[in-house]
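The values are calculated or read from the model by the stated rules, or taken from the named source; none is laboratory data. Since the model is a prediction, treat every value here as computed from it, not as a measurement. Here the Cβ positions follow ideal geometry from the backbone for every residue, glycine too, while neighbour counts run over all protein chains shown.
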Amino acid sequence: MLFRSVIGHHEIKNKLIKSVNNGRISHAQLFLGPEGSGNLAMVLAYVQYLFCVDRKEDDSCGVCPSCLKISKLVHPDVHFSFPFIAKKKEDISNNYIVPFRDAVLNDPYLNLIKWYAELGEEKKQGIINVYESAEISKKLSLKAYEGGYKVSLIWMPENLNIPAANKLLKILEEPPDKTVIILVANESEKMLKTILSRTQLVKIPRLRNEEITNGLIDKFEMEHDLAENLAAMSDGNYLIARENALNVGSVNENFELFRDWMRLCFKKDIKGVTGWVQKIAAIGREKQKHFLTYGLHLIRQCAVLNYGVENLVNMGGDERVFMQKFAPYITHKNLQDYISSFNLAYQHIQRNANPKILFTDLSFEVLIMLNSVEK
Ligand SMILES: [Zn+2]
């Protein structure tokens, strides 16, 4: 992957490029960034730059044999470890490398949910086991095929089980010469402190709205205003922004659905709410999740509107008119309740809750919250 294909993060790219050109390559590094920040994409660009035999000032050449092998994830000196759902006790990541390559080449911004879906194992939790740690140790102790660096990239090391983490720790303590171990993680809280303390941290923050906006324009050639709207709704997570971009038609549908729902709840129109619940129950889980994300975005924007920070609110025509009427019902007292209720509903949908019961319950919560605001 080229640095220029990684969305945003210009300063981090420059730092990484400089460190390679100055020969300051740390033996153990942790690229820590939340989901949708592009930490894996950044590592792939970094490793390609490290191996490129014709480095340019601001990127790898993209055409030398090393670049070509790394861009296809088939370089013999770059080893990939990642969580998998073992079919046999002694399974290692390499047994699943073909689907992993496909998944990453198809989407270097992927998350675990997408990866497990790729394996056809949506409902299971993968781990990185001790056999994989042993494999890393073995691979790193061998001579490099091409005489240069050997890299071990460990994606989602939060999923190392304890024996595997302990074995990895030993490798981190005494890394063989010219080896680089790179951990690519979302949450440092889920990792052993002893591992964290032995790695050099490269922090990848959430993407800024304008970085996501530009990323969406590049990928989808969409209008600037629309991209900006989607970016504002994504909370710095490119995965969410891209998903919403693929469902652009549904933004309007979601708006109408949300506006109707709030009106019915406000009027305490139980019959109307029941009809509305039937409608939303029929649209399927993925769309229900989008709807809740969108609804929560509108509610948060109301809070912003209330604080008078109007220029933060990226909204057009109908939405803006509705929001101005609706915003006074979102107060500093009930905002957190809305956020908790919507987030909980979202999680329940993910866990296959019955949508009719779920949206009926949520409607009553909203009805009570809306009608208990003193004006
Ligand atoms: Zn190259």
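One line per residue, one yes/no per condition, for (1) under 26 Å from the mean Cα position of the chain (by Cα); (2) of a type in the set (A, V, I, L, M); (3) within 16 Å of the ligand (Cβ to nearest atom):
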position: Y49; (1), (2), (3): yes, no, yes
position: A86; (1), (2), (3): yes, yes, no
position: D91; (1), (2), (3): no, no, no
position: R101; (1), (2), (3): yes, no, no
position: V130; (1), (2), (3): no, yes, no
position: E135; (1), (2), (3): no, no, no
position: N161; (1), (2), (3): yes, no, no
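Scan the range 63-110 residue by residue and report those that are in contact with a Cys (Cβ under 6 Å, 6 or more places away or on another chain) and either surrounded by fewer than 16 Cβ atoms within 10 Å (Cβ to Cβ) or closer than 23 Å to G215 by Cβ (or both).
Answer for the range 63-110, where residues must be in contact with a Cys (Cβ under 6 Å, 6 or more places away or on another chain) and either surrounded by fewer than 16 Cβ atoms within 10 Å (Cβ to Cβ) or closer than 23 Å to G215 by Cβ (or both): just C67.
Take D54 and tell me if it is within 16 Å of the ligand (Cβ to nearest atom), touching a residue at least 40 places away in the same chain (Cβ under 8 Å) and surrounded by fewer than 19 Cβ atoms within 10 Å (Cβ to Cβ). Outline the logic, then answer.
On the way: within 16 Å of the ligand (Cβ to nearest atom): yes; touching a residue at least 40 places away in the same chain (Cβ under 8 Å): no; surrounded by fewer than 19 Cβ atoms within 10 Å (Cβ to Cβ): yes.
Against the criterion (within 16 Å of the ligand (Cβ to nearest atom), touching a residue at least 40 places away in the same chain (Cβ under 8 Å) and surrounded by fewer than 19 Cβ atoms within 10 Å (Cβ to Cβ)), D54 does not qualify.
Among the β-branched types (V, I, T) and touching a Pro at 6+ places or on another chain (Cβ under 8 Å): which single residue out of V184, V180 fits that description?
Working: V180 fails: touching a Pro at 6+ places or on another chain (Cβ under 8 Å).
Residue meeting the stated conditions: V184.
For residues in the range 138-162 being part of a loop (DSSP other than H, G, I, E, B) and touching a strand residue (DSSP E or B) at 6+ places or on another chain (Cβ under 7 Å), which is nearest to S37 (Cα to Cα)? Walk me through how you get there before you give the answer.
Our first condition is that a residue be part of a loop (DSSP other than H, G, I, E, B); within the range 138-162, this holds for 142-149, 156, 161.
Add one more test, that the residue is touching a strand residue (DSSP E or B) at 6+ places or on another chain (Cβ under 7 Å), and what stays is 144, 149, 156, 161.
Numbers: A144: 31, Y149: 27, M156: 14, N161: 25 Å.
Filtering first and then ranking leaves M156.
Looking at E135, E158 in this structure, which one is closer than 24 Å to L196 by Cβ and touching an Asp or Glu at 6+ places or on another chain (Cβ under 9 Å)? Spell out the reasoning first.
Numbers: E135 fails: touching an Asp or Glu at 6+ places or on another chain (Cβ under 9 Å).
Matching residue, one of E135, E158: E158.
Among the helices (runs of 4 or more DSSP H) contained in the range 228-292, which hold 3 or more residues that are assigned by TED's automatic domain parsing to the domain that holds Q350 and in contact (Cβ under 8 Å) with a residue 60 or more places away in the chain? Even if it seems obvious, please write down each step before you answer.
Details: elements: 238-246, 249-266, 270-281.
The helices (runs of 4 or more DSSP H) meeting that bar are 249-266, 270-281.
Listed here are the residues, each with its yes/no results for (1) in contact with a strand residue (DSSP E or B) (Cβ under 7 Å, 6 or more places away or on another chain); (2) without any contact (Cβ under 8 Å) to a residue 60 or more places away in the chain; (3) crowded, with 16+ Cβ neighbours inside 10 Å.
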residue: L2; (1), (2), (3): no, no, yes
residue: N14; (1), (2), (3): no, yes, no
residue: Q29; (1), (2), (3): yes, no, yes
residue: A41; (1), (2), (3): no, no, yes
residue: Q48; (1), (2), (3): no, yes, yes
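Of a type in the set (S, T, N, Q) and within 16 Å of the ligand (Cβ to nearest atom): is that true of S66 in this structure?
Working: of a type in the set (S, T, N, Q): yes; within 16 Å of the ligand (Cβ to nearest atom): yes.
Against the criterion (of a type in the set (S, T, N, Q) and within 16 Å of the ligand (Cβ to nearest atom)), S66 qualifies.
Only residues that are part of a strand (DSSP E or B), over 19 Å from the mean Cα position of the chain (by Cα) and surrounded by 18 or more Cβ atoms within 10 Å (Cβ to Cβ): list them for the range 173-222, please.
Passing the criteria: T179, V180, I181.
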